[in-house]
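Engineer: Here it is, the structure in full.
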Amino acid sequence: MTELATIHSSGRLRFTQDERTAYLFLLPLAGVLAVVAVFPILYSFYISLFSLKLTRPNRVPFVGLGNYIDMLGDPNFWDAVGRTVSFSVMSVVAIAVIALACALLLNQEFRGRRILSAALLVPWAIPYVANGLMWKWIYDSNYGALNGALLQLDFIDKYMVWLGDADKTLALIANAFVWKEVPLATILLLVTLKSIPADLYAAAKVDGAGLVSRFLHITLPSLKPGFLLVILYETMMAIRHFDLFFILTEGGPGDASHVLAWRIYVETFRSLSFGTGAALSYILALATIGLAYFILRSLGQKQQ
């Protein structure tokens, strides 16, 4: 307390020996983070202010916010935004509903629950590239497992070109994304379920509340923190997702799966327009941050 009083009275910031040692050990980590994280972020913003194209590397005019204005005024950009929103809404809603059902099931005591819990983690453990290749085989129009199963069950009379149908492409990619993401969402909701006091259910039973009433008035309100985390995380993952679009369709058929993440890739690495690609990346990042803030403000206030 005497040392703290001396510091406050002098108005000067002083560190103890332990604090100086801690900062000394943290300096290498801070340097690495500055090199691999902070510098690329700042440099990409710097690039977004120039018309940088590798097809003419010697002519890099400064355009200020011109790249941002051009992208926001491009109808193709807004088409990509619409597809991104559709994909994100489909995915997040499906993940939340399926994860809730799985969490409620795993929260019960029954034989084989541990085995089922372990099996649930398999999709989460598979890398995104392997997951994409697996679903590409399942959707294959010549020897895919989906066509084979539906044909055996007499739901179809011939093999279908699933990923060649523009009306079904986004839903099929969302299905692969949901399969991969449901396990993590289930774990988050299951942890939240485990934290609900058993006394609440006991009191509700004494008051004559049925199963549906207990679910609506105890389980769902208590799950709000878990749902907030699931919706926030999965929304951010869906908005910026790229792997499955690259592996399954490469933006096709036509531009049916031309989402924002794919458009950034095309602008940067196919058109070699690094200025517009960096501008698109910042637009996507700012939109993601803004949406995350909106979710936290809206759902977080309701939670409180």
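Engineer: Anything in segment 66-113 that is assigned to a helix (DSSP H, G or I), touching a residue at least 40 places away in the same chain (Cβ under 8 Å) and under 16 Å from Gly226 (Cα atoms)? List them, or say none.
Structural biologist: Val92, Ala94, Ile95, Ala96, Ile98, Ala99, Leu100, Cys102, Ala103, Leu104, Leu106
Engineer: Enumerate the helices (runs of 4 or more DSSP H) found wholly within segment 140-215, keeping only those where 3 or more residues are under 27 Å from Leu244 (Cα atoms).
Structural biologist: Because the criterion is at least 3 residues that are under 27 Å from Leu244 (Cα atoms), the helices (runs of 4 or more DSSP H) in segment 140-215 that meet it are 145-152, 169-194.
Engineer: Continuing with this model, one more query. Restricting attention to segment 255-278, which residues are more than 17 Å from Ile69 (Cβ to Cβ), of a type in the set (Ser, Thr, Tyr) and assigned to a helix (DSSP H, G or I)?
Structural biologist: Tyr265, Thr268
Engineer: Of all residues in segment 162-180 being surrounded by fewer than 20 Cβ atoms within 10 Å (Cβ to Cβ) and charged (D, E, K, R), which is nearest to the chain's Cα centre (by Cα)?
Structural biologist: The selected residue is Lys168.
Engineer: Restricting to segment 175-213, what's the tally of residues that are in contact (Cβ under 8 Å) with a residue 40 or more places away in the chain, within 18 Å of Leu106 (Cα to Cα) and of a type in the set (Phe, Trp, Tyr)?
Structural biologist: Result for segment 175-213: 1.
Engineer: Of everything in segment 255-278 that's among the hydroxyl-bearing types (Ser, Thr, Tyr) and within 22 Å of the chain's Cα centre (by Cα), which residue is farthest from Val85 (Cα to Cα)?
Structural biologist: Across segment 255-278, the extreme among qualifying residues is Thr268.
Engineer: While we're looking at this one, here's another question. Pick out the one residue from Phe45, Phe15 that is surrounded by 10 or more Cβ atoms within 10 Å (Cβ to Cβ) and within 30 Å of Thr276 (Cβ to Cβ).
Structural biologist: Answer to the check: Phe45.
Engineer: Shifting gears a bit: Restricting attention to segment 18-30, report how many residues are small (Gly, Ala, Ser) and loosely packed, with under 10 Cβ neighbours inside 10 Å.
Structural biologist: The number of residues fulfilling the criteria is 0.
Engineer: Name every residue in segment 63-89 that is among the β-branched types (Val, Ile, Thr), closer than 14 Å to Ile283 by Cα and loosely packed, with under 15 Cβ neighbours inside 10 Å, in order of residue number.
Structural biologist: Residue satisfying the conditions is Ile69 alone.
Engineer: Ok, one more. Of the conditions (1) surrounded by 11 or more Cβ atoms within 10 Å (Cβ to Cβ); (2) modelled with pLDDT of 85 or more, Leu33 clears all except one; give me its number.
Structural biologist: (2) is the only condition that Leu33 fails.
Engineer: Select from segment 21-65 the residues that are in contact (Cβ under 8 Å) with a residue 60 or more places away in the chain and in a helix (DSSP H, G or I) and list them in ascending order.
Structural biologist: Correct list: Ser44, Phe45, Ile47, Ser48.
Engineer: Here's something else I'd like to know. Does segment 218-230 contain at least one residue that is at pLDDT 90 or above, under 22 Å from the mean Cα position of the chain (by Cα) and charged (D, E, K, R)?
Structural biologist: No: zero hits.
The values are calculated or read from the model by the stated rules, or taken from the named source; none is laboratory data. Note that the structure is predicted; figures quoted are calculated from it, not measured. Note that we place each Cβ from the backbone using ideal geometry, even for glycine, and neighbour counts take in every protein chain shown.
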